[in-house]
Amino acid sequence: MSLLSRRQTVGLVLLVLAWGINWPVMKVTLREMGPLHFRALTMFGGALVLALYFRSRGLRLLPHGWAEWRAVVVLGLPNILGWHALSIIGVAQLPAGRAATLGFTMPVWTVLLSVLFYREKLTGRLLVGVLAVLAGITLLLWNELAQIAGRPAGIAWMQGAAFSWALGTIWMRRAHLSMPAETLVVWMMVLASLALWPLAIWLEPPQQWHFSAPVWASLVWSVFINYGLAQVIWFALVRVLPPTTSAMSVMAVPMVGILSAPFVIGEWPHWQDLAAMVCVVVAIGAVLLRRD
């Protein structure tokens, strides 16, 4: 495996920090704003930021023909709409670090779905990964059920989100795209946000749009950092990151989410959260990290 350059290393660190800190940052907004309204607003704003940036780089931003528009819709349903809609509902019901841990079980479910439906080989390492994930989920479910105000349904929402992301990842890998990946992501975000707006209006009470300063700051973060800067960095790294480095970065995100939550929103993890995080790290390592 070739070493990353200093610029790539800095980009990877910034990416992991942005993705990890974003979990408690979302909780700040959800104190005063409905989760679906939050997702629809920030996703659409982020899509506009990305479109302006990619356009300044000279990229083609308009899909051509039915085949490319079909790819936007089909791939956008699980990758963007499913993952972001289900995960924000889960975040609203769970501590931020706990939601991040559950969401980033996605790599294990990706491999498991590939075995079940796409005839990939079942290995002992996959079994270890699945058992480790189930152990982590059991720990968190036990803690939620033990609390008087626990919300075990939040765990189901987050696992639905992880499953949706996993399915979308498989479809993305198997897709034969003729448009730039940047174009695909921008339009997936635009269409997903347009789908979320009527759901938000229908399912959530009317928003007052009079927010505190921390909420406005978290909205700006979500648009420009989570959907803007992080996506730009990811597209710059995705073509050069070795598989092992990608796996390690995925494992680091829930750690950052758990460790930053006490400082951002005052949520301190339980021992079950830390144990579940270890289980997820073991699971992702078992299914993704190559043996030298």
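Laboratory data are not the source of any read-out in this text; all were calculated from the coordinates shown. Computed from a prediction, not measured in an experiment: that's the story for all the values here. Reconstructed Cβ throughout: ideal geometry from the backbone, glycine too, with neighbour counts over all protein chains shown.
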For Arg151 and Leu52 in the same chain, what is the full-extension length gain: residue separation times 0.36 nm, less their Cα-Cα distance, in nm?
-> 31.7 nm
Kyte-Doolittle mean at least -0.5 and Cα extent at least 30 Å along the axis: which DSSP H helices of the chain qualify?
-> 6-30, 35-56, 124-146, 152-174, 181-203, 243-264
For every helix of n ≥ 4 consecutive DSSP H residues, a contribution of -39,500 (n - 2.57) applies; sum these over the chain, divide by its total residues, and give [θ] at 222 nm rounded to the nearest 500 deg cm²/dmol.
-> -25000 deg cm²/dmol
Between Ser5 and Glu204, what is the spin-label point distance in nm, taking each point 7 Å from the Cα along the Cα→C-beta axis?
-> 4.1
Over the chain, calculate the relative contact order: mean separation of alpha carbon pairs under 8 Å at least 6 apart, over the residue count, as a percent.
-> 42
With r defined as the distance between the Cβ atoms of His64 and Glu120 and R0 fixed at 25 Å, what FRET efficiency is calculated, to the nearest 0.05?
-> 0.15
Please return the longest stretch of the chain lacking exposed loop sites, where trypsin sites (Lys or Arg not before Pro) count only if DSSP places them in a loop and at most 15 other Cβ atoms lie within 10 Å.
-> 122-238
Cα-based Rg of the chain normalised by 2.2 N^0.38 Å, two decimals = 0.98
